[in-house]
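Below: one structure, written as structure tokens.
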Amino acid sequence: MRAAETLASGPAVRAEDRPHGLPEARAAGSEAVADGPERAVGGQRQDPTHSAAAITPDRPYDTWESRRMDTTDRSAQDAGPGHRIVPGDPASPVILHVPHGSRTVPSPVRAGLLLDAAALERELDLITDAHTQDLAERAARAAPVTPWRFVNERSRLVVDPERFPDAREEMRAVGMGAVYTRTTQRAPLRPEPPADEESLLATYFHPYARAMTRAVDDRLAATGRAVVIDVHSYPSRALPYELHGTDPRPPVCLGTDPFHTPPTLLALAREAFAPLGESGLNTPFAGTYVPLRHYGSDARVSALMLELRRDVYLDEPVTPHDGLAKAASCLAHLVEACG
């Protein structure tokens, strides 16, 4: 996943597959509708801590099969809402946003995918930020003041709420705009162009964006400020679809925005995640997630993107190890420091 992005009237978006990206939205009546990312200013690069060699298409999964487990997210049913808001303490300004942690693909959407069952499971292994929902939940339970959580209940193979839904999206070049048509291996995922794209955007993308904006507005009304922490992970080795796969891949990537990430927030994040190792600034992903309604104009909204390299807390691709508890403790410390 790459940088965080900005969305209006809904969720903030991150440009995880761009070196620098912030999604923007356009106003639609009284609410803004997320339209895509706007570039964020990238930070300085640091030395890589792990090989960025891409997994080859002919053997994309072999080296990832050390242990397997069923990580299917069964919390959402086909007819359920596409996102979930877990209330926190009324006094907390913090929203933990988890956009890419679900494996749920509703049956009507599944019918439009070209992968067989085994190939779909492998793709979900690679594209999902496995156990980031668990990471956010553990951190929320451990924090003295419980943060709010905004959780995507659908796989990003349904729609990616952190991409522009139009030609402005850089990742459309590899079939990974808001509605993906290609896999991580650049193999066909949907027919091009997808016949159900507008329906998917109307059903999942735009409502998600509006809901995220309301969540930020609610924190502003209740506490006078909002702190959006975008919770992601990324594979230790670059996948073929990545446009910037040669960038350094440190254990912890912190995505920032020049307006919405104050130096104090960045310093708190560096300190909180120091136990996990080196933290890189805006590498390999950059930017933050801020609703467009507030983007670039409302300093009460702070934002930071957290990208954990997956081997920090997983036996890749999906099996958690002891690092998950350690990472959750670090995130809880950041939540506490943010108030």
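The values are calculated or read from the model by the stated rules, or taken from the named source; none is laboratory data. Since the structure is predicted, the reported quantities are computational estimates derived from the model, not experimental observations. Cβ coordinates were reconstructed from backbone atoms using ideal geometry, including for glycine residues, and neighbour counts include every protein chain displayed. Areas reflect the complete protein model, heavy atoms only, side chains present, ligands, DNA and RNA absent. Shrake-Rupley method; radii C 1.70, N 1.55, O 1.52, S 1.80 Å.
Structural remarks
One line per residue, one yes/no per condition, for (1) of a type outside the set (A, V, I, L, M); (2) at pLDDT below 70; (3) open to solvent by less than 50 Å² (accessible area, probe 1.4 Å):
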site	(1), (2), (3)
Asp62	yes, yes, no
His97	yes, no, yes
Pro108	yes, no, no
Gly112	yes, no, yes
Ala118	no, no, no
His131	yes, no, yes
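- The criterion of at least 3 residues that are within 17 Å of the chain's Cα centre (by Cα), buried (at least 21 other Cβ atoms within 10 Å of the Cβ) and not charged (D, E, K, R) is met, among strands (runs of 3 or more DSSP E) falling completely within region 236-339, by 252-255, 301-309.
- Filtered residue count, region 134-147, keeping only those that are surrounded by 23 or more Cβ atoms within 10 Å (Cβ to Cβ) and not in a loop (DSSP other than H, G, I, E, B): 4
- Counting the residues of region 85-119 that are in contact with a helix residue (DSSP H, G or I) (Cβ under 8 Å, 6 or more places away or on another chain) and hydrophobic (A, V, I, L, M, F, W, C) gives 11.
- Looking only at region 169-207, residues that are crowded, with 19+ Cβ neighbours inside 10 Å, more than 13 Å from Pro240 (Cα to Cα) and of a type in the set (S, T, N, Q) come to 0 in all.
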